[in-house]
Every structure is written in structure tokens, then in C-alpha cells.
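Here is the structure we will look at.
The values are calculated or read from the model by the stated rules, or taken from the named source; none is laboratory data. Values in this document were obtained by computation on a predicted structure and should not be read as measured data. Here the Cβ positions follow ideal geometry from the backbone for every residue, glycine too, while neighbour counts run over all protein chains shown.
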Amino acid sequence: MTRTLSRRSLLTAAAAAPLAAATSPVFAGAPMMGAATTPFNRFKLGDYEVTTLLAASRVVGDPHQIFGLNVSEAEFAAVSVSANIPTNEAQFFFTPTVVNTGSELVLFDTGLNGEGIKAALMSAGYTADQVDIVVLTHMHPDHIGGMVNGGKPTFGNAQYVTGRVEFDAWAAAENAGFNSNVRPFAEQTTMLENGGSVASGITAISAFGHTPGHMVYRIESAEKQLIIGADFANHYVWSLAHPDWEVRFDMDKEAAAKTRRKLLDMMATDRLPFIGYHMPWPAVGYVETAGDGFRYVPASYQMLL
């Protein structure tokens, strides 16, 4: 027997539903967990595996004291508002990168401290003792801070690579962080010039300005390429959309701006993905030209195919 529901009966049933729900037990009592994200991101690049590590993240106040030192508050605010980001604070990310070539495990930069980089590696399934080569893109504290842990080398089986110009500049400056975290490894360190090789498919590119001998690296495998960009650009809007804006941490601001433009133009022209040490997590993206500057385009699924 077929039962026909009238419009009146449907409305009556709908009206009764909230009453029934009100007398039912409530199970949505899960606690608030707080904001969180993944600790690592891994993808294939040709025959290699590339893993970005979220070694740390923090909020920094008054970003105009860091970015856009040569522009007015009004211009900085207008650019920020148009990009839907606040003007009073910014989220900073610290992203060392692991490249597994199949024969070497290569770590680019070591984060803020030894415990942090060890934990970041473990989250991705690695141990510090598995690292064969540590590459230091430059000698700022957030890149060399993890070299030593508890007074001992963090990477017990590693050799080290950095740019000769960078090493020599910091060695002459008698910097405390360099003296404690880098100088002790001088005899185990290979010094590279522009075009020097870290390992098969990993080539140094001079990117001076942020520091005297700052280097970025081209990764190539099976016709796939990627740039590990370190700190040539430190913000996805304030550095990419406006590469001529001065950045407090750039030691030679004019040279840094020229380097930024040169690298961004290369990556936009060649459609090369890049990893930026301080880019929004997971720190992998592309570059497009946009007016007189560039636009950051976060990677979606391209790196998974």
C-alpha cells in the first residue's frame, strides 16, 4: 500500500524535528584543539625526494619595521590590505629542506637550534645521523642555529658545504654565532663558488645581497627542476610583489633587490618552482610576473604528479 504525504503533514514533521533534537543527547563535546598544521611536506622531483620541514613558526609584530623600509606607512598599509594580510603583525616560518638523491641525504640549513632540527627531521622519518651533507645557504642565526646540540655536533656523520665568499666574510667579522656553530666545522666544510656542485644534480647559484655570499641552489633530476631559494625573498607579498622594497635583514639592500629581481624573473620565465625559507608553509610555490613586480602562486598538486 502506497502512502501519500500531504504538504500539511510534511510541514508538521519539519516543525517537530527541532523539538526532537532538543531532547536528544549531545555528543559534540570535543575540546578545542588550537590551530595546527603538518610538520613536514614531501614530494617527488624526478628521481629525488624533497621534504620541507617546519622547524619553527612565530608571530612578529610591526612588520613595517622589517619590510618596506623605504616606503611610507600608507603605502605599506595599502599593499597589505589589498593582499588581505594585517599590517600590525606577520607569521614567520622557518623551513629547512631535505633532498634525498637516493645516495645522499642532503639537508639545507639547520633552523634555530639543535633540538628543533632534530625534532623536525624525526617528524619526517629521518634522524640527524642519517644526514650525509649539510648545506648552509648563509650564516644568519636561524640557518646555522642547529649545527650544535648540547655542545656536540647535531649531525654526527655529515660533511658540510657552504659558499666560500659567505664563509670568509663571517670568519673575518668574528661573529659569535658563526664562531660557535660554524667555525668548528671548517675542516669538514667544502667551500663552493658560483656553479659549484653539492652532489649530483645540486648546483650553487650566487645570490649575494641578503648576506655577503648568500647562495641559492638548483635541484635537477629526470628533467625536473626546483630552486631552493633560502632568503633571497623573505615574504610572499612584501618581497615578491615589491622586490625593490628594502628589508631590514638584507645586509646590502641594493644588491639584495637586484638579486631578488634577477631570480624572480628567471623563475617566472622558466616556470620553476621554488622553496623559500620564510614562505607560507609548506613553502613551495611558483612565480608569475605582475606589473612591475611578481606574484607568488602556492603549489597545489603539481609536485605530487
statement: Within segment 268-305, the count of residues that are of a type outside the set (Lys, Arg) and over 23 Å from residue 79 (Cα atoms) comes to 13
field: Hits in segment 269-305 (condition: buried (at least 18 other Cβ atoms within 10 Å of the Cβ) and of a type in the set (Asp, Glu))
entry: none
Helices (runs of 4 or more DSSP H) (entirely within segment 94-189) containing at least 1 residues that are β-branched (Val, Ile, Thr) and crowded, with 24+ Cβ neighbours inside 10 Å: 114-123, 141-144
field: Of all residues in segment 260-288 being touching an Asp or Glu at 6+ places or on another chain (Cβ under 9 Å) and in a helix (DSSP H, G or I), the one that is nearest to residue 46 (Cα to Cα)
entry: 268
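Among the candidates 52, 12, which residue alone is among the hydroxyl-bearing types (Ser, Thr, Tyr) and either modelled with pLDDT of 95 or more or touching a helix residue (DSSP H, G or I) at 6+ places or on another chain (Cβ under 6 Å) (or both)?
Only one candidate passes the filter, namely 52.
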- prompt: Is it true that some residue in segment 225-244 is assigned to a strand (DSSP E or B), touching a Ser or Thr at 6+ places or on another chain (Cβ under 8 Å) and under 21 Å from residue 83 (Cα atoms)?
  reply: no
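Can you tell me how many residues in segment 61-93 are part of a helix (DSSP H, G or I) and among the charged types (D, E, K, R)? Full working, then the answer.
First, the residues of segment 61-93 that are part of a helix (DSSP H, G or I): 63-65, 73-82.
Checking which are among the charged types (D, E, K, R) leaves us with 73, 75.
So the count comes out to 2.
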message: Suppose the filter is over 25 Å from residue 149 (Cβ atoms), of a type outside the set (A, V, I, L, M) and surrounded by fewer than 23 Cβ atoms within 10 Å (Cβ to Cβ); does residue 203 pass it?
response: yes
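On the given criteria, is residue 209 of a type outside the set (Lys, Arg), assigned to a loop (DSSP other than H, G, I, E, B) and in contact with a Ser or Thr (Cβ under 7 Å, 6 or more places away or on another chain)?
Yes: the conditions hold for residue 209.
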